[in-house]
1. Compute the acute angle (0 to 90°) between the alpha-carbon long axis of helix 234-244 and the principal axis of greatest extent of the alpha-carbon atoms of the chain; round to the nearest 10°.
2. Which far-off residues, 5 or more places away or on another chain, put their amide H under 5 Å from the one on residue 48, with H placed in the peptide plane?
3. Enter the angle in degrees (range 0 to 90, nearest 10) between the Cα long axis of helix 314-325 and the first principal axis of the Cα atoms of the chain, meaning the one along which they spread out most.
4. Would you mind checking the pairs 16/287; 76/302; 4/244; 121/302 and listing those with alpha carbons more than 29 angstrom apart?
5. Quickly work out the residue 73-to-residue 108 label distance, labels modelled 7 Å from Cα along the C-beta direction, and quote it in nm with one decimal.
6. Give me a comma-separated list of calculated 3J(HN,Hα) values for region 5-12, in order, Karplus coefficients 6.51, -1.76, 1.60 applied at θ = phi - 60°, integers in Hz, x for any Gly or Pro.
7. Using a simple spin-label model with points 7 Å from Cα along the Cα→Cβ vector, what separation in nm is obtained for residue 295 and residue 15?
8. Pull out the extension gain between residue 98 and residue 203, defined as 0.36 nm times the separation in residues minus the alpha carbon to alpha carbon distance; nm, one decimal.
Amino acid sequence: MYCKKCKDPGSLTIRKEHVYCLNCFMTNINHKFRACIGKNKILSSSEKVLVCLTGGQSSTVLLDLINNGLLQDNHKKLRISPVFLHLTGFGEKEMDHKVAELVINQCNSYKFSVYIVNINKFYFQKSNTLPDVNSLSETTTDCELKTKLQNVLSKMTPTSSNDIETKIKHDTFRRVAKECQCNFIFTAETTTTLAVNLLSNLAIGRGSQVEHDIGFLDNRDEIKILRPMKDITEEELHHYIQIKNLTHLSNVKIKENSLQSVIKNFVWDLQENFPATVSTVCKTADKIGTIEKTNITCLVCKSCLALKNEKLTAIEATNFSRTVSNFQPGQYLNNEPIKSSAECDTSMFPFINKYFCYCCSKNYLESGHQNLNLFKDISLS
Ligand SMILES: [Zn+2]
Ligand SMILES: [Zn+2]
């Protein structure tokens, strides 16, 4: 078995078919990362970028890739000025603390500093003050605050709870970025995670938002989210971590018994047995654009709201199955009018297409009409 690049003896096989030597493998991963940023030509020289870390595998590799890039000389140098962030307040206190400690150590080993920010404090109290860098003071969560987030999320289905947690995180990233004067954010989603997110998006009614949730660039807000790891798979991450002997630890979990967890198992299984399929899923997503756009955006996720005459949307499907399931035995579809999204029931979908997109409206209903700070600036009447 010889390396496909240099024809030296190879030592690892990717996707059950591509053989690499360690050297060419590492070069290839660094190249994928740099090519992703380079070909999109969106960052200007020495742009300040908020890099969001979790302590997990992809975050650990992202940190290492950034460090490699900054160490290159002249024309190969990665010209960004990174600011590092790690959010706490999701998991159990002890674990939270352990992960934060690891992230600080990871950053210190590259001589970087990191802000450890508690999501409950930053998000709910809207305290826009960042703690000192490398300080663990914010890992101890105020009990009352913690209850607030957990309480609301526990009322919702695991699927919606996963969805809303992601939106809260992204909103927090943006707020921290603003505080640090960063116009760009890096997150560490891999091809595999993005394939899970793509299928989940379709399943929960965020199909029209795929372009922003799965592509390289999310520019729904003035502060833009970039995903420079999008062409790297979990399999490659795993090898990278092993080769460089990097330590990682994470408490980021998606809730069980949710659509997202079922889809995750499906994608991971697919990756194991049909390894080429996962990247095909994402490449397909890259080709999906939004057809027509309105100027009105959802207050939570900032996506464009649906046009009144849109067909084949999640809401059309919901209305259809609702109409059909209310039929008496022997009753047929022939004469039954199916409501369009324009005239749908607003008790079932509060503020739909007025303030919220389909999925955010559903979340709002499920949260018991709670103002999660997400649903800001609306007089709820
Ligand atoms: Zn080689
Ligand atoms: Zn929305």
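Each reported figure results from applying straightforward, stated rules to the coordinates on display, with no laboratory input. Values in this document were obtained by computation on a predicted structure and should not be read as measured data. Don't worry about glycine lacking a Cβ; one is built from the backbone with ideal geometry, like all the others, and counts go over all protein chains shown.
1. Computed tilt is about 30 degrees.
2. 81, 183
3. The helix 314-325 is inclined about 40 degrees to the chain.
4. 76/302
5. 3.1 nm
6. Values per residue, Gly and Pro as x: 8, 10, 6, 6, x, x, 10, 9 Hz.
7. My value for the distance between the label points is 4.5 nm.
8. 34.4 nm
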